[in-house]
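In what follows, a structure is listed as structure tokens, so that the remarks can point back to it.
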Amino acid sequence: MEPDNEINERYISKLEKHIEIAKESSKYSLDRFDILIISLSTSALVLSIGFVKDVVPHLDKINTSLLKTAWLLFVVSLISNLISQVTGFYANSFDIRVTNNLVRKERGRSFKGKQNLFIRYCNILSNITTSLNGVSLFSLIGGIISLLIFFSIHI
């Protein structure tokens, strides 16, 4: 049977490794998702604004509600994605604080700050980030669908 000290050190080591993996995974996921959403939303917005007059004859004489809806959804996608960057950053910051405090506890030291508050903030910000990412994704999809319907009707 191993001494309790060795078990604690292995546990602490795993927690510290978790912090590093969480940082890397979070950064990679956010980078990929955000780059995709921002690229697609921006491209669709710019291309549709730039080329709609060339593609759709008599634009001033048709109902452009679907087109405006698509543009609005692309903008919502971009804005929600930008806000999710901020909430994601803070969620990860609080996750790191929580995990660092778990390491401190295992080493017999007291928590830095209010652990329960850090956990609550981390959970709230994670949920907000997830929701904003969902809004961003569904706004992008809705914008693409609206744009496709508009072009299919008017071309």
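Coordinate-derived values only; no laboratory data. The model shown is predicted, which means the values in this text are computed figures rather than measured ones. Note that each Cβ is placed from the backbone with ideal geometry, even for glycine, and that neighbours are counted across all protein chains shown.
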* **Listed peptides 99-111, 123-135 by packing density, highest first (mean Cβ within 10 Å)** => 123-135, 99-111
* Asked: Among all the aspartates and glutamates, which ones have a C-alpha under 16 Å from Lys17's C-alpha, if same-chain residues fewer than 8 places away are not counted?
  -> Glu9, Asp95, Glu106
* Which lysines, on any chain, are close to Lys114 with Cα under 17 Å apart, when same-chain ones fewer than 8 places away are left out? -> Lys105
* To do: Take the Cβ-Cβ distance between Glu9 and Ser39 as r, set R0 to 35 Å, and report the resulting FRET efficiency rounded to the nearest 0.05.
  => 0.20
